[in-house]
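Notes follow the structure.
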Amino acid sequence: METVSMFFGTWWSLVPPVLAIALALITKEVYLSLFCGVLLGALFSANFAPWNTFDTLFTTMTGSINLNIIIFDVLLGMIIVLMSKCGGTAAYGSWASKHLKTRKSSLFATVGLGILIFVDDYFNCLTVGSVMRPVTDKHKISRAKLAYIIDATAAPVCIIAPISSWAAAVNSYVPEDSSLTGFQLFLSTIPFNLYALLTIFMVLFIIATNLDFGLMKKHEENAAKGDLFTSGAEEFRELAEEERKAAATVKGHVIDLVLPMAVLIGSAVFGMIYTGFLGGATGVVDAFANCDAEMSLIFATIVTVVFMAFLYLPRKVISFKDFMQALPEGAKMMIPAILILTFAWTLKGMGDNLGISEFINTSVTLTSGMAVFVPMIMFCIAVFLAFSTGTSWGTFAILVPIVISMFNHVDEQMMIVAVSAVLAGAVCGDHVSPISDTTIMSSAGAQCNHLNHVQTQMQYAVIVAVVCVLGYIIAGVTKNWWLTLIICIAILTLVLMVIRKYSDRGRAEKASFSGTRGK
C-alpha cells in the first residue's frame with residue numbers, strides 16, 4: 001500500500017523544481033542542481049523515509065524516462081556525425097559561405113531553416129544547429145546567439161504550426177465535451193498566441209537592426225574577437241576544432257547534406273500522416289492531430305540512416321567502418337543532453353508524485369468580475385508552471401482543461417483567448433527554463449554551454465513576456481486578435497528601439513573613453 005506524501009497538492013510541491021533552477025543559476029552545475037531537485041522531490045514523496053526515498057528516486061526515474069526520445073536523439077546524433085564525416089556539412093558551409101556573405105544573411109537563413117522545420121521542436125533544434133554552425137562560425141556569430149535563434153524558432157514556431165507534434169499534443173488535452181474540437185480550438189488560438197508571434201518578430205527585428213544587449217552583447221563582442229564560446233564549453237571547442245580539421249581533409253558535396261535532410265523531413269511527415277490514419281483519422285489534417293509523433297520521428301531517423309548508407313557507401317565517400325562508428329560517436333555527442341533530459345524528466349515525475357497539478361487546480365479560483373483578467377492570469381500561471389517543471393506539454397495538460405471548464409458553452413471567444421494565453425505562457429516558461437528539454441536541445445544543437453544559452457536567452461525572452469502580460473489584458477477586454485497583435489508589436493518595437501538607443505549610446509561612450517585613455 002502506497003503512502004500519500006504529506007506535501008501532496010501543497011505549495012511544497014513546487015519547491016524541488018524551484019531549488020533545481022536556483023542552484024543551476026547560482027552554481028552553474030546543471031547535473032548536480034537537477035539531482036538535488038530530484039532528491040528533494042524523492043524525500044518529499046517518501047515523507048523522508050530513507051529506503052522509500054531511494055525506491056521512489058529510481059522508480060520515478062525509470063518510469064519518467066522517454067526511451068523513444070533517447071533513441072531519436074542517438075539516431076539523430078548518428079545522422080549529424082555522418083553528415084560531418086562525409087563532408088556534407090562542410091560542403092554546405094562552403095556553399096552557404098559563397099551565397100551568404102554577411103552576418104545578417106546567415107542569421108536570416110538560420111531563422112528561415114528554423115521556420116521550415118516546423119514538424120517537431122527536437123528535430124528542429126538539432127538539425128538547424130548542425131547545418132548552420134559552420135556558416136555562423138565563419139561570420140563570427142557566437143554560439144549563444146545561434147542557440148537563441150534556434151530556440152526562438154523551435155517551440156514558438158511549432159506551437160503555431162497546425163501540422164506539428166505540438167498541435168497533436170494540444171489536441172489531445174482538450175476534453176471531449178468542449179464546444180470546439182481540439183483541432184478547431186488549436187487553429188483559433190494561433191492569432192492570439194502572442195508569445196510565439198512576438199518572439200519571431202523580435203528575432204527578425206534584432207537581426208535586421210544588429211541589436212545585441214545584456215549578456216548576449218558580451219558573447220557577440222567575444223565572438224568578434226574569435227572566441228565563439230566565451231566560457232564553459234571546452235568539449236565543444238575541441239569538437240569545433242575537429243570539425244574544422246575534417247572539413248579541410250574531406251571532400252563532400254552539398255547533396256550529401258541536402259538529400260538526407262529531405263528524406264528526414266519527408267519520412268517524418270509521412271510517418272505522422274500514416275500513424276494518424278492508423279489511429280482512425282479520416283483526413284490529412286485529422287491524421288496530424290492524431291499521429292504518434294515520437295514513433296514517426298524514430299521511423300524517419302532509421303529511414304534516413306539506411307538512405308545515407310546507400311548514398312555514401314557505394315560512392316566510397318565514407319568507409320563501412322567509419323559509417324558504423326558514427327553510431328557510438330553520435331550517442332557520445334548526445335550524452336550531455338540525454339543526462340539533462342533524464343534528470344528533467346525525473347524532476348517532472350516528482351512533481352506529478354507531489355501533485356503539482358492538484359495544487360494549481362485548487363489555487364485557480366476567479367470571480368466573474370475578474371473574467372477579463374483571466375487570460376493574463378493564466379499566462380502568468382503557465383509561465384511559472386512551465387518554468388518550474390521545464391515542460392510545455394505538461395503545463396498544457398494541467399491548465400487547458402481548467403480553462404475550458406471555466407468558459408465552455410458560456411463564452412467561446414474568451415475560452416479561445418484564455419487557452420491561447422496558456423499555450424503562450426507554457427512556451428514562454430519552457431523557453432526560459434534551464435531544465436526544459438527544448439532549451440537543452442537548442443544548447444546541444446548549437447554546441448553551446450547550456451547555462452550560457454539560458455542566461456543570454458532569458459534577458460531577451462523576459463521583454464517579450466512583459467509585453468504579453470499587457471497584451472493579454474488587452475485581449476481579455478477586446479477579444480480582438482488583430483487589434484491586440486498590432487498594439488503588442490508597436491509596444492515591443494518601441495521597447496527595442498529604446499534599448500537600441502541606450503545600447504548605441506553606451507557603445508559610443510565606451511569608445512570615447514577608450515580613445516581618451518589612449519591619449
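The values are calculated or read from the model by the stated rules, or taken from the named source; none is laboratory data. It should be emphasised that the depicted structure is a prediction, and the values quoted were computed from it without experimental measurement. Neighbour counts run over all protein chains shown; Cβ positions are idealised from the backbone, glycine included. Just so you know, the surface numbers come from the protein's heavy atoms only, side chains and all, with ligands and any DNA or RNA stripped out. Shrake-Rupley method; radii C 1.70, N 1.55, O 1.52, S 1.80 Å.
General remarks:
- Solvent exposure, largest accessible area first (probe 1.4 Å, DNA, RNA and ligands not counted), of Ile398, Ile115: Ile115, Ile398
- Normalised alpha carbon radius of gyration of the stretch 11-121 [divisor 2.2 N^0.38 Å]: 1.63
- 1.4 Å probe accessible area per residue over the stretch 250-333, in Å²: 52 Å²
- Net length gained if the chain between Lys316 and Ile255 were fully extended (0.36 nm per residue, minus Cα distance): 20.5 nm
- Relative contact order for the stretch 21-166, counting Cα pairs under 8 Å that sit 6 or more residues apart, in percent: 18 percent
- Debye intensity ratio I(q)/I(0), log10, the stretch 390-493, q values 0.20, 0.24 Å⁻¹ (C-alpha model): -1.03, -1.19
- Scalar couplings 3J(HN,Hα) for the stretch 428-443, obtained by applying the Karplus form with A = 6.51, B = -1.76, C = 1.60 to θ = phi - 60°, are 4, x, 5, 5, 9, 7, x, 9, 6, 5, 5, 5, 5, 5, 5, 4 Hz; x denotes Gly and Pro.
- Filter on Lys98/Lys145; Lys140/Lys321; Lys85/Lys145 - keep pairs with C-alpha separation over 29 Å: Lys140/Lys321
- Cut-off 13 Å (backbone N to label point 7 Å along Cα→Cβ of Lys501), residues of the stretch 182-202: none
- Rolling a 1.4 Å probe over the protein heavy atoms of the stretch 34-77, with every protein chain left in place, gives an accessible area that is 75 percent carbon and sulfur.
- Element breakdown for the stretch 252-387 at a 1.4 angstrom probe: carbon and sulfur atoms account for 71% of the accessible area.
- Computed label-point distance, nm, for sites Phe277 and Gln413 using a 7 Å Cα→Cβ extension: 4.0 nm
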